[in-house]
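Below is one structure, written out as structure tokens; the observations come after it.
The values are calculated or read from the model by the stated rules, or taken from the named source; none is laboratory data. Worth saying up front: this structure is predicted, and the values here are computed from it rather than measured. FYI the Cβ positions are ideal-geometry reconstructions off the backbone, even for glycines, and counts take in every protein chain you see.
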Amino acid sequence: MKKIFTFLFITIYSLSSSQVKALTEDGKEVVLFDNKTWRFVNESDEKTLDEIETNETAFVKSKESTFLLKSKKIEAGIYINPKKWRTAKTSNLPTAEYTFQNSENPNVMVMGCLISEVIPIQTLKNLLDLKISTLQGSVEFFKINKTEYRTVNGIKVLFMDYSVNTKGIDFRYIGNYYLTEEGYASSFAFSYENNFDKGKAEMQNFINGLVKAEKSKTTEIIEYTSPPPPMSTKK
């Protein structure tokens with residue numbers, strides 16, 4: 001089966017006032033428009049986006065991921081390792097319900113999120129198309145490194161691994177995307193591209209905490225801190 005199309009343009013030609021033609025690294029011809037959207041020149045190339053492989057491996061959450069945080073919008077949640085992930089209070093994503101920072105290595109920036117959105121999406125393929133469309137208009141560059149269907153904790157998800165550049169900084173993302181009757185949830189993690197390999201294992205453990213769960217009835221976010229040392233006893 002062919003690999004998923006990657007958005008890395010290696011040559012640009014035929015400039016005009018309204019569009020630019022380009023070649024992908026796979027040799028497929030696309031047209032780039034001024035509004036940062038694109039389309040394939042040949043319809044046969046577009047069909048490659050439909051060929052998403054299925055990984056038969058059954059993925060499960062880490063044994064150390066013991067604390068469940070439930071979505072307040074849809075029936076989904078995420079198990080985290082409270083010893084390695086601490087909550088972050090701010091996020092630029094309006095769909096983010098919980099944002100975390102990995103505390104194991106303070107010198108490596110590794111973030112994780114659980115996002116959700118109530119939106120009538122029919123299939124995971126539709127969700128992929130929506131994600132690509134959103135990225136096209138929000139970053140300077142991106143490419144898809146890998147996509148595949150997976151089973152994570154008994155639920156079918158779309159796994160995505162992609163790179164982006166925004167404001168001159170390279171980032172690498174991995175995430176699991178899960179559909180429900182109400183919308184979708186995603187557990188994803190990211191770091192700077194040059195730090196990705198250092199944080200990859202923890203990022204994978206984080207995103208594999210995604211589960212089907214009843215909606216949360218509370219809005220409390222618990223901050224995890226190390227317990228104080230025991231007080232010495234005077235003799």
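Here are a few things to note about the model shown:
- Residue within region 161-168 that is among the acidic types (Asp, Glu), touching a residue at least 24 places away in the same chain (Cβ under 8 Å) and assigned to a strand (DSSP E or B) present: no
- Consider region 164-187 and keep the residues that are buried (at least 20 other Cβ atoms within 10 Å of the Cβ) and of a type in the set (Ser, Thr, Tyr). The one that is farthest from Ala201 (Cα to Cα) is Tyr184.
- Going through (1) in contact (Cβ under 8 Å) with a residue 12 or more places away in the chain; (2) surrounded by 13 or more Cβ atoms within 10 Å (Cβ to Cβ); (3) outside any strand (DSSP E or B) one by one, Ile115 falls short only on (3).
- Single residue of Leu127, Leu68, Leu114 found to be at pLDDT 90 or above, under 16 Å from the mean Cα position of the chain (by Cα) and either over 14 Å from Phe188 (Cα atoms) or not aliphatic (A, V, I, L, M) (or both): Leu127
- In region 81-95, the count of residues that are in contact (Cβ under 8 Å) with a residue 40 or more places away in the chain and under 14 Å from the mean Cα position of the chain (by Cα) is zero.
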